Amino acid sequence: MGFFKGFLPIGEYARGWRPHLLLAAICCLLSGWVAWRATLTRQIEQLGRQTLHRAEFYRFNLESLLARNASLPRVITMEGRLKDLLKNPEEERARSEANDYLMNVANSADLNATYLMDRKGLTLAASNHRLASSFVGHNYSFRPYYIDAMLKGLGIFYGVGATTGYPGYFITGPVEDQGERIGAVTVKISLEDFEMAMIRSGDKVFLTDAHGIIFLASVREWKYHSLMPLGDEVRGRISASRQYGDWRIDPLGIALPLRNEPQLVRLALPGDMPQDYLVQSVKTGPLGWWVVLLAETRREQQNAWLAGIAAGLTMAVVLLAAIHFRLRSLRHDERRQAAAALRRAHDELERRIAERTADLRAANASLEEKIETLKTTESILQETRDAAVQAGKLAVLGQMAAGIGHEVNQPLTALHALTDNATLLLEHGQLGEVRENLGAIKQMATRIGLLVSKVKHFARKPSQEKQAARVADVMDQALMLVEIRRKRAEARIDVQGIPGDLRVIADPQRLEQVFVNLLLNALDAVSGTAARCVSVAAARSGGRVRIAVRDSGPGIAEAALPRLFEPFFTTKEAGQGLGLGLAISRMIAAELGGDLEARNHEDGGAEFTVILEAA
């Protein structure tokens, strides 16, 4: 208690310290408030930049999706078969040809639907003419996209399908004949994939039209609600165009004006407690849409509170230090007693250190022994990895053995025949023909020697030394080794212009093994498919080089993707592989300082990418 008596004034001194303590408390609170305010402002500004970046990302992706098919209706309107149907709507052959053409366009461009209307808005042909929900025979003259296309030359509209009930983005262009608009072609694009990407992102984000009606949202319960109450005129226009079908557009329950700047507002979203959000709105698209992103500020506020508390505590520590120095004169006796206690504690500590030193020496000896054991284990692990890589090579050679035997057997058979012919020709004195036979024999022997040389080079153990290797040379070696398999699969390998000066830091032999494994897997994937194509491409990105091998096969099953690089995991039939190729390939890539990635390409098929350090 004597120690604390030095810090706490007692008796008559306590009354004199009360104003000072009150002033100290005010200073701590003021410091905490200033730090809280400054930190919150800085955190909100940083969050605003992040939300703006995210909102611009959504805007860019949406506008790219819309612009990709913006000119498609004008291209379709130039088709003569559509004009023939508009001129002869009763002719069955013209109708059938127009339906087939629109169906092919929709399938090729991955459209939801495309259809042809006459000058009265009656649908004459459609890509979905074979479905029960076909647009053929329906009149869409009430739709704004048809009216704008016939009057202004282009109609754009988003709404729920009047026939199918599925929402979509409609682009309409007029069909003209000798300067007269005789009909219109509409392309319907589904934004479902864009909405699913919004949902998977984890963001609270939605799209509204020019009237503030939410039509796409990461939270499905928000769809077809308005941010503000709608006027009678707006409701009348929506009802007349049947833009949102039978949906009743009710307010979402939050008043949120749309602006091109971040807003810090307190909202009570449906199903949630009221809290502060940073709202970022970005205008997008030709119809006056808004991308609205809601970012929670709970973490920023927590950081601000922590900064305020820390500042207040820091000020308190400073003030306590000042009080401490002010009271040093009152603690002189206590300090001498503390010094004596410290000397006793020092002596006790010296004794304990001496006891612990012996224990530490014994522990150090045990640790050195464990380090030696670890080094031995690491050496065994490296030898095991090298053996696994070499086993992978031999496994690949085993898979190619039948093809190599066939490739060698053909020249040997030819050599046998040419040798017999040379003997007969020599007996008849036809030396010219003998020279030709000997030249052919030399070519066959050279061919066999080249093949054997490539196989020996591939089977040889790598040097484990990294160097600047030309990607094109290593890929050429790998392509030569898989050429037999490619012929058997009747496939095509397209190498898309690997730059001759493109080099990576790698062991060429081990990199060649990775390329061979990826090419063989790609050839297996396209076997039995209609388009047997494997493409190879390489490019430099910063200080890394990406080499991609893509096939036109069915792709990788979603369930198999997480386990694709596990040892002994294979999607092939029994007897067609051990499941080590990809595991060894990724291990080699990692040892070379890179990585191996796998994904399903958006245009179909699987794509494996080797990423290495550029030389």
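The values are calculated or read from the model by the stated rules, or taken from the named source; none is laboratory data. From a predicted model like this one, the values you see are computed outputs, not experimental measurements. With ideal geometry, Cβ positions are generated from the backbone for all residues, glycine too; neighbour counts draw on all protein chains shown. These area figures cover heavy atoms from the full protein model, side chains too; ligands, DNA and RNA do not enter into them. Shrake-Rupley method; radii C 1.70, N 1.55, O 1.52, S 1.80 Å.
List of remarks:
- Heavy atoms of Phe135: accessible area, 1.4 Å probe, square angstrom to 10: 10
- Arg54 accessible area, assembled protein chains, probe 1.4 Å, Å²: 80
- Residue list for the stretch 167-183, given a label point 7 angstrom along the Cα-to-Cβ vector of Lys152 and an amide N cut-off under 15 Å: 170-174
- Neighbour cut-off at most 15 other Cβ (10 Å), DSSP loop, GluC sites (Glu not before Pro), the stretch 71-117: Glu90, Glu91
- Here's how it looks for Val175: its modeled amide H is under 5 Å from those of Ile182, Gly183, Ala184, Val185, which are all 5 or more places away or on a different chain.
- Here His211 sits with roughly 70 square angstrom of accessible surface, probe radius 1.4 Å.
- For the stretch 57-154, trypsin sites (Lys or Arg not before Pro) are listed when DSSP marks them as loop and at most 12 other Cβ atoms sit within 10 Å of their Cβ; the list is Lys120, Arg130.
- Cβ-derived FRET efficiency at R0 60 Å, Glu233 paired with Thr41, nearest 0.05: 0.90
- HN-Hα J in Hz across the stretch 282-287 - Karplus 6.51, -1.76, 1.60, θ = phi - 60°, x for Gly and Pro: 10, 6, 8, x, x, 9
- Ranked by solvent-accessible area (1.4 Å probe, protein heavy atoms only, all chains present), the residues Lys188, Lys283 order from largest to smallest as Lys283, Lys188.
- Sites Leu320 and Ala537 - FRET efficiency at Förster radius 45 Å, r taken between beta-carbons, to 0.05: 0.10
- Rounded to the nearest Hz, the phi-derived 3J(HN,Hα) couplings of the stretch 480-487 under the Karplus curve 6.51 cos²θ - 1.76 cosθ + 1.60 (θ = phi - 60°) are 5, 6, 9, 4, 5, 5, 4, 5, where x marks glycine and proline.
- Under 15 Å from a label point set 7 Å out along the Cα-to-Cβ vector of Ala70, the amide N atoms of the stretch 252-286 belong to 284-286.
- Calculated FRET efficiency for the pair His53/Asp347, C-beta based, R₀ 56 Å, to 0.05: 0.35
- Among the listed pairs Lys375/Lys466; Lys120/Lys152; Lys223/Lys283; Lys152/Lys223; Lys87/Lys120, those beyond 20 Å (Cα-Cα): Lys375/Lys466; Lys152/Lys223
- Approximating the spin labels as points 7 Å out from Cα along Cα→Cβ, the Met480-to-Leu306 distance works out to 6.0 nm.
- Loop-resident chymotrypsin sites (Phe, Trp or Tyr not before Pro) (DSSP state other than H, G, I, E or B) in the stretch 203-312 with no more than 16 further Cβ atoms inside 10 Å of their Cβ: Trp247.
- Near Ser535: Cβ cut-off under 15 Å, other residues only, Lys/Arg at +1 and Asp/Glu at -1. The net charge is +1.
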